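K.L.:
Once you've had a glance at the structure underneath, I'll fire off some questions.
The values are calculated or read from the model by the stated rules, or taken from the named source; none is laboratory data. Quantities reported herein were computed from a predicted structural model and do not represent experimental measurements. Virtual Cβ from ideal backbone geometry, glycine too; neighbours counted across all protein chains shown. To get the accessible areas, we keep the full protein, side chains included, count just its heavy atoms, and leave off ligands, DNA and RNA. Shrake-Rupley method; radii C 1.70, N 1.55, O 1.52, S 1.80 Å.
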Amino acid sequence: MTKRTKIQNKLMHYPSVIELSKSALENNFRFLHDYYGEDVRISSVVKANAYGHGIREFVPIAESCGIDHFSVFSLDEAMQVRSALKNHADVMVMGWVDPADLEIAIAEEFEFFVFEPDVLPLAVEASKKIGKKAKIHLEIETGMNRTGLTPVELKQSVKILKQNPEHFIIRGLCTHYAGAESISNYFRIQKQVKNYNRTYKWLARQGIVPDIMHTACSAASVAYPKTRMDMVRVGILQYGFWPSPETFIYYTHGNHTNHNPLSHVISWKSSVMSIKRVKSGEFVSYGTTYLAKEDMRIAIVPAGYSTGYSRSLSNQGRVLIRGHRVGVVGMVNMNMLVIDITGIEEVQLGDEVVFIGCQGDQEITVASFVEFSDQLNYEVLARLPQNIPRIVVD
Ligand SMILES: *Cc1c(COP(=O)(O)O)cnc(C)c1O
């Protein structure tokens, strides 16, 4: 526990590593399947490098849990998912496909959101050239005022779709809610659901019936069960995090339980690279932000803001070492940070330092980062750099 495990030793030349717990992910998907029921398909949202978990490592474990639908933001991420897959799965781009890349998207049979009518004629041309149909999801504007076809744009789109049925498979009708994790948006969300259902019916009257209806992200799937429809686009929950404390409370109240059914998949660890003593009255690290008020023992750890440990955690962050929770002292540097190990005499070079995750009976959660650095848990995860190696553990 205190020294790096054997598998990590292979990664000793990396200053820190991210571990993904397979059993935690299995637990989360088992829970979500039971919770949503058999009729609701789960699309695993793996944009932003699988919320920092690493697409390459995360996708195969999700697949082994029975997931066969993945959602990403952009075409490059779709390619990464495709190359990580062991078997066939549907891959859906919810955001950016450069019009110049439509041929690639169609040739690779990626599904993609359409939120601009101008894309459709281009997709027709691309489809003709490739000889395959474009698999599209019509994303409609229901009240978020971000991407989504307005009623006028939807009309224009329907016209093009009806003129070119041989070039399209209309896989879905979708929308996204403007903050389902907070009750303060309750009326806005309800209105969006109404708009969505009204639009679905209108489309059906035009003779267009999408294969599936999907609207819910994690928060909506918990707080507004009727938004689950045919498929739920699950991001944060699958990784073991609640979208907000409110969503968790909504879940526990509604289900008469205090138990958190989710487990965190991610841990982030490093180790001690240097140890020294500092006399009372000395400053630690750059500048004068930390003054030793007693004789101290400090440990230097090879992680900094270039490797994902935010500078806003200077003099604020907490880490685990030898089962103790200790503080970051002084400024977080580009590649190093300093922790206070005064009084923990057993600390040695090479000892494991946990930034996120468990050690003994202690845990540092992403939420604690959130408190100290004023970031969302989504942001902390999504900012974890790609160049930290990810390893899968049981
Ligand atoms: C990111 C995203 C999701 C998933 O959101 P979570 O809150 O992580 O579940 C779902 N749908 C869309 C359109 C998204 O962009």
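K.L.:
For region 235-251, which positions are touching a residue at least 40 places away in the same chain (Cβ under 8 Å) and part of a loop (DSSP other than H, G, I, E, B)?
P.N.:
Hits for region 235-251 are Gly235, Ile236, Leu237, Gln238, Tyr239, Gly240, Phe241, Pro243, Ser244.
K.L.:
Then there is this: Name the strands (runs of 3 or more DSSP E) wholly inside region 306-394 in which the number of residues that are closer than 27 Å to Glu181 by Cβ is 3 or more.
P.N.:
The qualifying strands (runs of 3 or more DSSP E) are 352-359.
K.L.:
Could you check Gly131 against (1) open to solvent by 20 Å² or more (accessible area, probe 1.4 Å); (2) modelled with pLDDT of 95 or more; (3) within 16 Å of the ligand (Cβ to nearest atom) and say which number it fails?
P.N.:
Failed condition: (3).
K.L.:
Moving on. Has region 148-159 got at least one residue that is within 30 Å of Thr247 (Cα to Cα) and away from the ligand (no atom under 16 Å from the Cβ)?
P.N.:
Within region 148-159 (the criterion being within 30 Å of Thr247 (Cα to Cα) and away from the ligand (no atom under 16 Å from the Cβ)), the answer is yes, since at least one residue qualifies.
K.L.:
Output the residue which, of all residues in region 216-264 that are closer than 24 Å to Gly360 by Cβ and away from the ligand (no atom under 13 Å from the Cβ), is most open to solvent (accessible area, probe 1.4 Å).
P.N.:
Checked region 216-264; the qualifying residue most open to solvent (accessible area, probe 1.4 Å) is Asn258.
K.L.:
Could you count how many residues in region 160-172 are away from the ligand (no atom under 14 Å from the Cβ) and either part of a strand (DSSP E or B) or hydrophobic (A, V, I, L, M, F, W, C) (or both)?
P.N.:
Of all residues in region 160-172, those away from the ligand (no atom under 14 Å from the Cβ) come to 160-171.
Okay, now just the ones that are also either part of a strand (DSSP E or B) or hydrophobic (A, V, I, L, M, F, W, C) (or both), so 160-161, 168-171.
Here the count works out to 6.
K.L.:
So, of the residues in region 318-368 that are within 17 Å of Trp268 (Cα to Cα) and of a type in the set (Gly, Ala, Ser), which turns out to be farthest from the chain's Cα centre (by Cα)?
P.N.:
Top of the filtered list is Gly350.
K.L.:
On to the next question. On the given criteria, is Asp211 open to solvent by 20 Å² or more (accessible area, probe 1.4 Å), closer than 20 Å to Asp39 by Cβ and more than 25 Å from the chain's Cα centre (by Cα)?
P.N.:
So Asp211 fits the description; yes.
K.L.:
Sticking with this one: Would you say Asp351 is charged (D, E, K, R), open to solvent by less than 20 Å² (accessible area, probe 1.4 Å) and in the same structural domain as Ser270 (by TED's automatic domain parsing)?
P.N.:
Details: charged (D, E, K, R): yes; open to solvent by less than 20 Å² (accessible area, probe 1.4 Å): yes; in the same structural domain as Ser270 (by TED's automatic domain parsing): yes.
So Asp351 fits the description; yes.
K.L.:
Identify the residue in region 173-208 that is aliphatic (A, V, I, L, M) and out of contact with any strand residue (DSSP E or B) (no Cβ under 9 Å at 6 or more places or on another chain) and, among all such residues, is farthest from the ligand (Cβ to nearest atom).
P.N.:
Ala204
K.L.:
Of all residues in region 134-152 being touching a residue at least 24 places away in the same chain (Cβ under 8 Å) and surrounded by fewer than 18 Cβ atoms within 10 Å (Cβ to Cβ), which is nearest to Ile208 (Cα to Cα)?
P.N.:
Among those residues, the one meeting the criterion is Pro151.
K.L.:
Right, next: All but one of (1) in a helix (DSSP H, G or I); (2) open to solvent by 10 Å² or more (accessible area, probe 1.4 Å) hold for Val124; which doesn't?
P.N.:
Status for Val124: all satisfied but (2).
K.L.:
I need the helices (runs of 4 or more DSSP H) fully contained in region 7-118, keeping only those with at least 1 residues that are open to solvent by 10 Å² or more (accessible area, probe 1.4 Å) and of a type in the set (Asp, Glu).
P.N.:
Output list reads 22-36, 55-64, 75-84, 102-107.
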